[in-house]
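Novice: So that we are looking at the same thing, I have put the structure below in structure tokens.
The values are calculated or read from the model by the stated rules, or taken from the named source; none is laboratory data. On a predicted model such as this, the values are computed, not experimentally measured, just so you know. Cβ: placed from backbone, ideal geometry, glycine included. Neighbour counts: every protein chain shown. Each accessible area value is taken on the protein alone, full model and side chains, heavy atoms only, with ligands, DNA and RNA left out. Shrake-Rupley method; radii C 1.70, N 1.55, O 1.52, S 1.80 Å.
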Amino acid sequence: GDHAVSESKAIAGTVYYMSPEQILQAPVDRRSDVFSLGAVLYECLAGCMAFGDRRPRPIDRLSPEREPDWTALPEETPERIRDLITRCLARNAQSRLGSMTEIRRTLGAIANADKHKLIAEAPVDINIAKQVNILLQDAGFDLKDVVMCQVTAALGYGFDYVYTIFERVRIAGLKGDK
């Protein structure tokens with residue numbers, strides 16, 4: 001049957017991770033997602049929400065004096081990561097990183113500069129594994145510094161199926177296919 005579509009001014013999403021423009025119901029773009037990722041990254045590292053307690057009104061989070069408690073981040077958090085999170089959580093969308101692609105490249109540059117190795121997981125699918133490799137190379141990683149781990153992604157598929165996929169991946173790798 002017909003479904004009526006109504007226009008609503010309701011805010012959709014988890015308000016504690018919403019960008020200021022989303023809370024104000026202003027136009028949003030990719031940078032709104034960048035803000036949300038910054039809030040999640042902050043919470044993962046600090047163990048608390050970026051903008052404090054769960055206020056009854058989301059609009060309370062928008063006051064200019066409300067900043068994340070940067071001292072809540074672990075002392076050993078690299079300055080580059082602090083800078084990334086700060087840029088993600090900028091109140092003004094124009095001051096934020098522009099897209100998730102930019103974040104991925106920034107994280108790649110940070111990891112490479114600090115000589116980190118990367119463990120990548122992908123579903124048991126050779127095409128997705130190849131796409132992950134392409135994205136990692138695009139982010140600036142040398143594939144020699146990447147370990148592909150599909151073990152946990154293989155749970156529940158069945159031994160025979162997973163074995164054949166791993167063999168295809170192994171043979172493709174031996175032939176130089178990335």
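Novice: At 0.36 nm per residue, and after removing the present C-alpha to C-alpha distance, how many nm does the segment from T101 to D145 gain when stretched out fully? Before the final figure, lay out the partial values.
Specialist: Details: separation 44, 0.36 × 44 = 15.84 nm, distance 2.00 nm.
Full extension from T101 to D145 adds 13.8 nm.
Novice: Follow-up. With a cut-off of at most 12 other beta carbons within 10 Å, and DSSP calling the residue loop, which GluC sites (Glu not before Pro) in the stretch 73-165 qualify? Please list them. Provide the component values of the computation, followed by the final result.
Specialist: Details: sites: E75, E76, E79, E102, E121; in loops: E75, E76, E121.
Taking the stretch 73-165 and a limit of 12 other Cβ atoms within 10 Å, the loop GluC sites (Glu not before Pro) found are E75, E76.
Novice: Can you send over the solvent-accessible area of K117, 1.4 Å probe, protein chains only, in Å² to the nearest 10?
Specialist: 140
Novice: Here's something else I'd like to know. Between Y161 and D114, what is the label-point separation in nm under the 7 Å Cα-to-beta-carbon projection?
Specialist: So the two model labels end up 3.7 nm from each other.
Novice: Suppose we take every Cα in the stretch 62-144 and form the convex hull; what volume per residue is that in Å³?
Specialist: Numbers: hull volume 11.0 nm³, N = 83.
Per-residue hull volume (Cα only) is 133 Å³.
Novice: Along the stretch 139-148, what does the Karplus equation 6.51 cos²θ - 1.76 cosθ + 1.60 (θ = phi - 60°) give for ³J(HN,Hα), rounded to whole Hz, x for Gly and Pro?
Specialist: 7, x, 7, 7, 4, 5, 9, 10, 10, 8
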